Amino acid sequence: MDHGRSGSGCKHIPRRVIAMPDIRPTVGSSALVLNATYEPLCVVSVRRATILVLTAKAECVSDGDGMLHSVHTNLPVPSVVRLTRYVKVPYRTHVGLSRRAIFARDGGRCAYCRGSAETIDHVFPRSRGGLHAWENVVAACAKCNHSKGDKTPAEIGWRLHQIPAAPRGVAWRVLGHRTPDPRWADWLDLPAAAASAEAA
Ligand SMILES: [Zn+2]
(Lines give C-alpha, C1' and ligand atoms only; values in the text may rest on other atoms or scores of the structure.)
Protein backbone atom coordinates (compact mmCIF):
# COMPACT_ATOMS: atom_id res chain seq x y z
CA MET A 1 0.00 0.00 0.00
CA ASP A 2 1.21 3.45 -0.69
CA HIS A 3 -1.45 5.64 0.77
CA GLY A 4 -0.42 9.17 1.40
CA ARG A 5 2.27 9.73 -1.18
CA SER A 6 2.09 11.73 -4.39
CA GLY A 7 2.21 15.26 -3.12
CA SER A 8 -0.26 14.69 -0.38
CA GLY A 9 -0.58 16.76 2.72
CA CYS A 10 -1.13 13.68 4.87
CA LYS A 11 1.87 14.19 7.08
CA HIS A 12 0.35 17.43 8.26
CA ILE A 13 -2.66 15.74 9.73
CA PRO A 14 -2.27 15.35 13.48
CA ARG A 15 -1.29 11.81 14.41
CA ARG A 16 -1.87 10.28 17.80
CA VAL A 17 -1.53 6.74 18.93
CA ILE A 18 -4.65 5.59 20.73
CA ALA A 19 -6.11 2.31 21.85
CA MET A 20 -8.17 1.31 18.88
CA PRO A 21 -10.95 -1.14 18.33
CA ASP A 22 -10.04 -3.90 15.95
CA ILE A 23 -10.71 -2.25 12.63
CA ARG A 24 -10.23 -4.52 9.68
CA PRO A 25 -10.22 -2.40 6.58
CA THR A 26 -12.07 -3.73 3.59
CA VAL A 27 -9.72 -4.83 0.83
CA GLY A 28 -7.92 -1.99 -0.93
CA SER A 29 -10.14 0.56 0.70
CA SER A 30 -9.08 4.14 1.12
CA ALA A 31 -10.69 7.41 2.04
CA LEU A 32 -10.39 10.94 0.76
CA VAL A 33 -9.44 13.55 3.35
CA LEU A 34 -10.74 17.09 2.96
CA ASN A 35 -9.40 20.07 4.79
CA ALA A 36 -11.77 21.97 7.10
CA THR A 37 -12.43 24.20 4.09
CA TYR A 38 -13.57 21.14 2.07
CA GLU A 39 -10.49 21.35 -0.10
CA PRO A 40 -9.20 17.86 -0.99
CA LEU A 41 -5.97 17.09 0.87
CA CYS A 42 -4.94 13.51 0.42
CA VAL A 43 -5.95 9.87 0.38
CA VAL A 44 -5.47 7.69 3.45
CA SER A 45 -6.39 4.16 4.45
CA VAL A 46 -9.90 3.58 5.76
CA ARG A 47 -8.32 2.67 9.07
CA ARG A 48 -6.57 6.02 9.33
CA ALA A 49 -9.74 7.86 8.33
CA THR A 50 -11.68 5.96 10.98
CA ILE A 51 -9.14 6.91 13.63
CA LEU A 52 -9.48 10.55 12.60
CA VAL A 53 -13.26 10.30 13.01
CA LEU A 54 -13.11 8.41 16.31
CA THR A 55 -10.71 10.95 17.79
CA ALA A 56 -12.91 13.82 16.57
CA LYS A 57 -10.14 15.08 14.31
CA ALA A 58 -12.46 14.64 11.37
CA GLU A 59 -16.10 14.09 10.57
CA CYS A 60 -17.42 11.65 8.04
CA VAL A 61 -18.82 13.46 5.00
CA SER A 62 -19.59 10.47 2.83
CA ASP A 63 -20.01 6.84 3.86
CA GLY A 64 -18.39 4.01 2.01
CA ASP A 65 -19.60 0.43 1.80
CA GLY A 66 -20.35 -1.49 4.95
CA MET A 67 -19.90 -0.97 8.65
CA LEU A 68 -16.94 -1.18 10.98
CA HIS A 69 -17.73 -3.10 14.13
CA SER A 70 -16.01 -2.90 17.47
CA VAL A 71 -16.95 -3.75 21.02
CA HIS A 72 -18.01 -0.18 21.73
CA THR A 73 -19.36 1.14 18.49
CA ASN A 74 -20.54 0.48 14.97
CA LEU A 75 -19.43 2.99 12.42
CA PRO A 76 -20.05 3.29 8.69
CA VAL A 77 -16.86 2.82 6.67
CA PRO A 78 -15.80 6.37 5.82
CA SER A 79 -15.26 7.23 2.16
CA VAL A 80 -14.75 10.99 2.53
CA VAL A 81 -13.81 12.71 5.80
CA ARG A 82 -13.35 16.37 6.60
CA LEU A 83 -10.85 17.60 9.17
CA THR A 84 -12.44 19.54 12.00
CA ARG A 85 -9.48 21.91 12.17
CA TYR A 86 -7.84 23.57 9.21
CA VAL A 87 -4.34 22.38 8.44
CA LYS A 88 -1.99 24.54 6.47
CA VAL A 89 -0.34 22.53 3.74
CA PRO A 90 2.55 23.68 1.61
CA TYR A 91 1.56 22.06 -1.67
CA ARG A 92 4.10 20.41 -3.83
CA THR A 93 3.53 21.88 -7.24
CA HIS A 94 5.20 19.10 -9.20
CA VAL A 95 3.79 15.65 -9.70
CA GLY A 96 6.52 13.06 -9.19
CA LEU A 97 7.70 11.38 -12.38
CA SER A 98 7.24 7.64 -12.13
CA ARG A 99 6.43 4.83 -14.48
CA ARG A 100 2.96 4.42 -13.01
CA ALA A 101 2.28 8.15 -13.19
CA ILE A 102 3.35 8.29 -16.85
CA PHE A 103 1.06 5.37 -17.68
CA ALA A 104 -1.77 7.06 -15.81
CA ARG A 105 -1.23 10.38 -17.61
CA ASP A 106 -1.18 8.67 -21.00
CA GLY A 107 -4.10 6.39 -20.23
CA GLY A 108 -1.94 3.31 -20.77
CA ARG A 109 -1.84 4.06 -24.52
CA CYS A 110 1.16 4.20 -26.83
CA ALA A 111 1.90 7.82 -27.75
CA TYR A 112 2.64 6.77 -31.35
CA CYS A 113 0.14 4.10 -32.37
CA ARG A 114 -2.43 4.34 -29.50
CA GLY A 115 -2.04 0.64 -28.85
CA SER A 116 -1.59 -0.78 -25.39
CA ALA A 117 1.61 0.62 -23.85
CA GLU A 118 4.11 -1.51 -21.96
CA THR A 119 7.19 0.68 -21.99
CA ILE A 120 8.35 4.23 -21.39
CA ASP A 121 9.93 6.07 -24.31
CA HIS A 122 12.05 9.21 -24.22
CA VAL A 123 10.80 11.27 -27.17
CA PHE A 124 14.17 12.89 -27.65
CA PRO A 125 16.40 9.89 -26.88
CA ARG A 126 18.34 9.85 -23.64
CA SER A 127 21.38 8.57 -25.54
CA ARG A 128 21.42 11.92 -27.31
CA GLY A 129 20.91 14.04 -24.21
CA GLY A 130 17.12 13.85 -23.90
CA LEU A 131 15.88 14.62 -20.42
CA HIS A 132 14.00 12.30 -18.11
CA ALA A 133 11.20 14.83 -17.62
CA TRP A 134 7.43 14.92 -18.05
CA GLU A 135 7.85 16.87 -21.29
CA ASN A 136 10.09 14.18 -22.80
CA VAL A 137 8.59 10.89 -21.64
CA VAL A 138 5.62 9.02 -23.05
CA ALA A 139 4.05 5.62 -22.63
CA ALA A 140 4.79 3.47 -25.68
CA CYS A 141 4.18 -0.06 -26.89
CA ALA A 142 7.22 -2.30 -27.13
CA LYS A 143 6.99 -2.44 -30.93
CA CYS A 144 7.02 1.34 -31.44
CA ASN A 145 9.69 1.81 -28.80
CA HIS A 146 11.91 -0.76 -30.52
CA SER A 147 11.32 0.63 -34.05
CA LYS A 148 11.97 4.16 -32.90
CA GLY A 149 15.30 3.24 -31.31
CA ASP A 150 17.48 6.30 -30.85
CA LYS A 151 15.65 8.44 -33.38
CA THR A 152 13.33 11.35 -32.75
CA PRO A 153 9.74 11.06 -34.04
CA ALA A 154 10.46 13.73 -36.67
CA GLU A 155 13.43 11.79 -38.05
CA ILE A 156 11.26 8.80 -38.85
CA GLY A 157 8.14 10.72 -39.82
CA TRP A 158 6.15 9.82 -36.70
CA ARG A 159 3.77 12.11 -34.92
CA LEU A 160 2.88 12.29 -31.26
CA HIS A 161 -0.84 12.12 -30.58
CA GLN A 162 -0.35 14.61 -27.78
CA ILE A 163 2.45 16.89 -26.68
CA PRO A 164 3.66 15.44 -23.37
CA ALA A 165 3.40 17.75 -20.37
CA ALA A 166 3.45 17.55 -16.60
CA PRO A 167 0.00 16.72 -15.22
CA ARG A 168 -1.69 19.48 -13.26
CA GLY A 169 -4.72 20.04 -11.12
CA VAL A 170 -6.09 19.15 -7.74
CA ALA A 171 -7.02 15.60 -8.72
CA TRP A 172 -3.44 14.81 -9.73
CA ARG A 173 -2.03 16.41 -6.63
CA VAL A 174 -4.30 14.38 -4.37
CA LEU A 175 -4.60 11.13 -6.27
CA GLY A 176 -1.37 10.73 -8.18
CA HIS A 177 -1.73 7.51 -10.16
CA ARG A 178 -4.61 6.17 -8.07
CA THR A 179 -7.96 5.44 -9.57
CA PRO A 180 -10.47 7.56 -7.68
CA ASP A 181 -13.43 6.12 -5.84
CA PRO A 182 -16.56 7.31 -7.70
CA ARG A 183 -17.77 8.86 -4.43
CA TRP A 184 -14.87 11.31 -4.56
CA ALA A 185 -15.71 12.74 -7.98
CA ASP A 186 -17.58 15.77 -6.65
CA TRP A 187 -14.76 16.79 -4.35
CA LEU A 188 -12.03 16.35 -6.91
CA ASP A 189 -13.90 18.05 -9.70
CA LEU A 190 -13.83 14.92 -11.80
CA PRO A 191 -16.43 14.00 -14.36
CA ALA A 192 -18.34 11.07 -12.90
CA ALA A 193 -17.17 8.90 -15.79
CA ALA A 194 -13.51 9.50 -14.94
CA ALA A 195 -14.03 8.03 -11.51
CA SER A 196 -14.34 4.50 -12.67
CA ALA A 197 -16.17 1.79 -10.83
CA GLU A 198 -13.01 -0.32 -10.88
CA ALA A 199 -11.80 1.67 -7.88
CA ALA A 200 -11.86 0.25 -4.37
ZN1 LIG B 1 2.90 1.82 -30.45
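For the structure I just gave you, tell me whether A117 is in contact (Cβ under 8 Å) with a residue 12 or more places away in the chain, closer than 22 Å to A154 by Cβ and in contact with a Gly (Cβ under 7 Å, 6 or more places away or on another chain).
Working: in contact (Cβ under 8 Å) with a residue 12 or more places away in the chain: yes; closer than 22 Å to A154 by Cβ: yes; in contact with a Gly (Cβ under 7 Å, 6 or more places away or on another chain): yes.
Yes; evaluated as a whole, the condition is true for this residue.
Within the range 101-115, track down each residue that is away from the ligand (no atom under 14 Å from the Cβ) and within 16 Å of A142 (Cα to Cα). Before you say what the answer is, go through the steps one by one.
Initially, the range 101-115 is screened for residues away from the ligand (no atom under 14 Å from the Cβ), giving 101-102, 104-105.
Listed by number, the list holds a single entry, I102.
Output the number of residues of the range 121-142 satisfying the condition of being of a type in the set (A, V, I, L, M) and under 20 Å from R168 (Cα atoms). Let's see the steps before the verdict.
Step one: of the range 121-142, the residues of a type in the set (A, V, I, L, M) are 123, 131, 133, 137-140, 142.
Now drop any that are not under 20 Å from R168 (Cα atoms), which leaves 131, 133, 137-139.
Number of matching residues: 5.
For the range 61-95, the set of residues classified as of a type in the set (G, A, S) and at pLDDT 80 or above consists of S62, G64, G66, S79, listed by residue number. Taken together, the criteria place D65 among residues that are in a strand (DSSP E or B) and acidic (D, E). Summed over the range 96-115, residues that are in a helix (DSSP H, G or I) and open to solvent by less than 60 Å² (accessible area, probe 1.4 Å) total 5. Considering the range 134-167, and only residues there that are under 14 Å from I120 (Cα atoms) and away from the ligand (no atom under 13 Å from the Cβ), the residue that is most open to solvent (accessible area, probe 1.4 Å) turns out to be E135. Of the residues contained in the range 43-54, none is found to be open to solvent by 30 Å² or more (accessible area, probe 1.4 Å), β-branched (V, I, T), part of a strand (DSSP E or B) and away from the ligand (no atom under 16 Å from the Cβ). Residues in the range 116-133 that are within 27 Å of H177 (Cα to Cα), in a loop (DSSP other than H, G, I, E, B) and either more than 9 Å from the ligand (Cβ to nearest atom) or among the hydroxyl-bearing types (S, T, Y) (or both): E118, V123, F124, P125, G130, L131, H132, A133. Checked against (1) in contact (Cβ under 8 Å) with a residue 24 or more places away in the chain; (2) open to solvent by 30 Å² or more (accessible area, probe 1.4 Å); (3) touching a helix residue (DSSP H, G or I) at 6+ places or on another chain (Cβ under 7 Å), C60 meets all criteria but (1).
The values are calculated or read from the model by the stated rules, or taken from the named source; none is laboratory data. The structure presented is a predicted model; accordingly, all values stated were derived computationally and were not measured. Because the Cβ atoms are built from the backbone with ideal geometry, glycine has one as well, and the counts that use them run over all protein chains shown. Areas reflect the complete protein model, heavy atoms only, side chains present, ligands, DNA and RNA absent. Shrake-Rupley method; radii C 1.70, N 1.55, O 1.52, S 1.80 Å.
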